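Notes follow the structure.
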Amino acid sequence: MAKKDKKPDKKQRKTPEEPALRDVLRLPAGKPVDLSTYSASEIPAGPVNKTAGIAATALLGPGLADLQERLYAASTAGDRRRLLLVLQGMDTSGKGGTVKHVIGHFNPSGCRIRAFKAPTAEERGHPFLWRISRALPVPGEIGIFDRSHYEDVLIARVRELVPRRDLGRRYGQINRWEESLVDDGITIVKVFLHISYEKQRARLLERLDNPEKHWKFNAGDIAERALWPAYQQAYERALERCSTEEAPWYLVPADRKWYRNWAISRLLLEHLTALDPRYPPGDFDVAECRKQLLAT
C-alpha cells in the first residue's frame, strides 16, 4: 500500500518574512518627492489597528533597551559607533510625542536629546551647522533631534531668511556633513513625520479646547498653517535633495499616533540590530578575580 503523504507539521510551516520596515518607508535617493501622493493615515506595514499597534510597540521595548546597553558597553572598549534620530515634520506631527513615547524605551543616561528652536544671537554668528555639531551624540549614545539642521532649508526657504543662491548650496553642505558623520561612526535615522492638513487642524483645535494644553498652542501656528503649500514644497525639495545612500529619509505616516510610535520604534530596532554591538570582553583574569573576591 502506498504511504499517504504526511501532512506538514504546523509548527514547522514557515511564514513569509515581513520586509524590513526601513525598506518600506525609505524614500529613494535623489528622486522627486510629491507628498500629495503619500497618505498620512496609511498603514504601509505592521500592526493593522491601535490595539495591536500598542501591544507590538511594547514588545519592542526590551530589545531596544538591550541593544542600547550593548552599544554603550561597546563604547567603553573604543567602539565609536552611535545613532542619531532626526525628527522633522509640520507642527503637531508628533516630534515631541515621539520623544516621550519612543525614547521612553531607552535608559535616559545614554540618550542626548535636543530640541532646536530659533537660533540665538551667538548661533546666528556661526555657520548654520555649528550649533548642530555641538549637540551630536558621543560614542555609545543615542541622540534625538526634535527639529534639526533641516530647519535651515525649510523655514529659511519659506520665510526667505537667506538668499536663494545660499539656500541652494546648503543642500550640498548638509549631504557632505552627514556623510562625514557616517564615516565617523554615526548611524543617521532621518524621519519625516507626514501629517495631513485636516489632522493638524484637529490637533490644534484639541489644544485650544483643552486649557491644560494651552501651553502647547501658539497663535503663530495659525499663520504658519496659511503657508502649508510652501512648507510642503520646501519639504519635498529637502527630501529629494538630501535623501542619500548614506543617510536616507524615511517617511512615516503620522496621522495615527500609535502607528507613528510603532514605526519609529521598529526603525530604531532594525538599525541597532544591524549595528550588532557586542559586550567587550573583560581585560582581567576572571577566575583569579573570583578567587580573590571569595577570599574576602
Computed about the Cα centre, the charge dipole of the chain from +1 Lys/Arg and -1 Asp/Glu charges at the Cβ has a magnitude in debye, to the nearest 20, of 760 debye
For the chain, percent of DSSP beta bridges that are antiparallel (nearest 5) comes out at 5 percent
For the chain, longest principal axis from Cα atoms; helix 257-275 axis from its Cα atoms; angle between them, nearest 10 degrees, is 60 degrees
Note on the chain: contact order normalised by length, alpha-carbon pairs under 8 Å, 6 or more apart, percent, works out to 34 percent
Per the rule of 0.36 nm per residue minus the C-alpha distance, extending A295 to S133 adds in nm 53.3 nm
Counting as exposed only trypsin sites (Lys or Arg not before Pro) in DSSP loop states with no more than 13 other Cβ atoms inside 10 Å, the longest exposed-site-free span of the chain is 160-277
Of all GluC sites (Glu not before Pro) in the range 157-189, the ones in DSSP coil with at most 15 other Cβ atoms within 10 Å are E160
Rg/Rh of the chain (Cα atoms, Kirkwood Rh), to two decimals, equals 1.06
XL table K190/K213; K50/K199; K31/K199; Cα-Cα > 25 Å flagged, in table order, is K190/K213; K31/K199
Semi-axes a, b, c in Å (a largest) for the range 109-184, each sqrt of 5 times a Cα gyration tensor eigenvalue, come to 23, 15, 10
FRET efficiency for D66 and W215 from the Cβ-Cβ distance with R0 = 35 Å, rounded to 0.05, comes out at 0.45
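The numbers here are math on the coordinates, done by the rules we state, and not lab data. As the structure is a computational prediction, the values presented were derived from the model and not from experiment. Glycine also receives a Cβ, built like all others from the backbone with ideal geometry; neighbour counts cover every protein chain displayed.
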